[in-house]
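Heads up: the structure comes next, in structure tokens.
The values are calculated or read from the model by the stated rules, or taken from the named source; none is laboratory data. Note that this is a predicted model, so its numbers are computed, not measured. Note: ideal-geometry Cβ built from the backbone for every residue, glycine included; neighbour counts use all protein chains shown.
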Amino acid sequence: MKNFLQNLSYLSKWKGKFKRVPWFCARHAFSVILILILLSIFLGGVLFYRYVILASAEEPNISENSLKLREDLYQKILEQWQPEEKKIQQPSQENLPEEP
């Protein structure tokens, strides 16, 4: 319990310092805005370099054995689908009711 109270007193010291941050930013608004703009330009440059410049400089890895078609399975599937396709292409012999 004693350690907890010591930690609270330590935090209360920092609380006073954090209260001064907005006042400091308000007094030095131009400098703070200038620093934030420079920081954003720097971060934007880093991101641009990483995702545009480095990405275009690297060659993509293309493996030779990426995809192969198994011809025997393809022929079996074609044999199964050909009768179905013929049924679809032939006109139906059913008598449909005429519309008035």
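A few comments on the model shown:
- Any chance Lys19 is loosely packed, with under 10 Cβ neighbours inside 10 Å, at pLDDT 75 or above and not in a helix (DSSP H, G or I): no
- Taking the criterion of being loosely packed, with under 10 Cβ neighbours inside 10 Å and among the small types (Gly, Ala, Ser), the residues of the stretch 30-61 that qualify are Ser56, Ala57.
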